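Quick notes on the structure that follows.
Rule-based calculations on the coordinates, nothing more; no lab input. This is a predicted model, so every value here is computed, not measured. Note that each Cβ is placed from the backbone with ideal geometry, even for glycine, and that neighbours are counted across all protein chains shown.
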Amino acid sequence: MKIAVLVSGSGTNLQTLIEQLHQDETSGIKIAVVISDRRKAYALTRAKLAGIPTHVVRTQDFANRLDFDAEISRIIEHSAVELIVLAGFMKLFQPPFVQKYRNRILNVHPTLLPAFPGAHPVADTLAYGVKIAGVTVHFVDEDVDSGPIIAQSAVPVLDTDDEESLHNRIQVEEHKLYPEVIKWFAQGRLKIEGRKVTVQ
Ligand code: GAR
């Protein structure tokens, strides 16, 4: 199965997907293309080092967000991918894009959703004072971080944590959970009924 990975930043999740899926022949999964909305995203370097084609698609180069989404869709169609994997991609898609790829877009978010959606999830987790943080892998729908949840993993919040130390521990779990969920998808094991996702 061919997948597209969309990134905005450092790309530690992308690196895990390269090593655990793309470079593991037994996975049956290839990253056909990496798309970034930021030219300077280090994730692009990681993709290039692995020999994966990259594209930069920036919102400021388009008249509106529908045109931005359309360009991403054009690249995806050209690469003939079956799954779109958001890995630290910090842009929201407009409803037509989500509807076109319904149940074929995955996202990883560094909280136990529906707690702390949005752009500052780890800071919000610490500020609220919860004792258990975590990671969620979910399908993308029309709202922010709100689609059907596929898998979650919990991480304790320590009294000594700052945003960096907590995010680092959450990322250790992300790097285990995300490749696993993508394998389940590729094996056709995810059953979706309304908001409820089960692993067959
Ligand atoms: C990850 O922790 C991911 O959960 C988060 O961005 C980070 C990207 O790290 N995503 C979101 O907050 C999406 N709402 P990476 O670039 O090292 O993979």
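Considering only residues that are over 12 Å from H109 (Cα atoms) and not hydroxyl-bearing (S, T, Y), which ones fall in the stretch 123-137?
If the condition is that a residue be over 12 Å from H109 (Cα atoms) and not hydroxyl-bearing (S, T, Y), then A123, D124, L126, A127, G129, V130, K131, I132 are the ones that fit.
Please enumerate the residues belonging to the stretch 42-69 that are more than 19 Å from the chain's Cα centre (by Cα) and farther than 24 Å from I29 by Cα.
Within the stretch 42-69, Q60, D61, F62, A63, N64, R65, L66, D67 qualify.
So is K183 within 19 Å of L106 (Cβ to Cβ), in a helix (DSSP H, G or I) and without any contact (Cβ under 8 Å) to a residue 24 or more places away in the chain or not?
Details: within 19 Å of L106 (Cβ to Cβ): yes; in a helix (DSSP H, G or I): yes; without any contact (Cβ under 8 Å) to a residue 24 or more places away in the chain: no.
Taking the combined requirement at face value, the residue does not satisfy it.
Determine, yes or no, whether D124 is of a type in the set (D, E, K, R) and near the ligand (Cβ under 10 Å from one of its atoms). Give the derivation first.
Values: of a type in the set (D, E, K, R): yes; near the ligand (Cβ under 10 Å from one of its atoms): no.
No; evaluated as a whole, the condition is false for this residue.
Might you let me know whether the stretch 72-86 holds any residue that is surrounded by fewer than 16 Cβ atoms within 10 Å (Cβ to Cβ) and under 23 Å from K40 (Cα atoms)?
Filtering the stretch 72-86 down to residues surrounded by fewer than 16 Cβ atoms within 10 Å (Cβ to Cβ) leaves 74, 77-78, 80, 82.
Filter once more, so that each one left must be under 23 Å from K40 (Cα atoms): 74.
Yes, the stretch 72-86 contains at least one residue that is surrounded by fewer than 16 Cβ atoms within 10 Å (Cβ to Cβ) and under 23 Å from K40 (Cα atoms).
Give the number of residues within the stretch 32-44 that are farther than 17 Å from E71 by Cβ and surrounded by fewer than 23 Cβ atoms within 10 Å (Cβ to Cβ). If you could, list the steps in order and put the result at the bottom.
Filtering the stretch 32-44 for residues farther than 17 Å from E71 by Cβ gives 40, 42-43.
Filter once more, so that each one left must be surrounded by fewer than 23 Cβ atoms within 10 Å (Cβ to Cβ): 40, 42.
Qualifying residue count for the region: 2.
Could you say which residue among V98, V56 is over 16 Å from V144 (Cα atoms) and either among the β-branched types (V, I, T) or away from the ligand (no atom under 13 Å from the Cβ) (or both)? Quick ask: steps written out before the conclusion?
Details: V98 fails: over 16 Å from V144 (Cα atoms).
The match here is V56.
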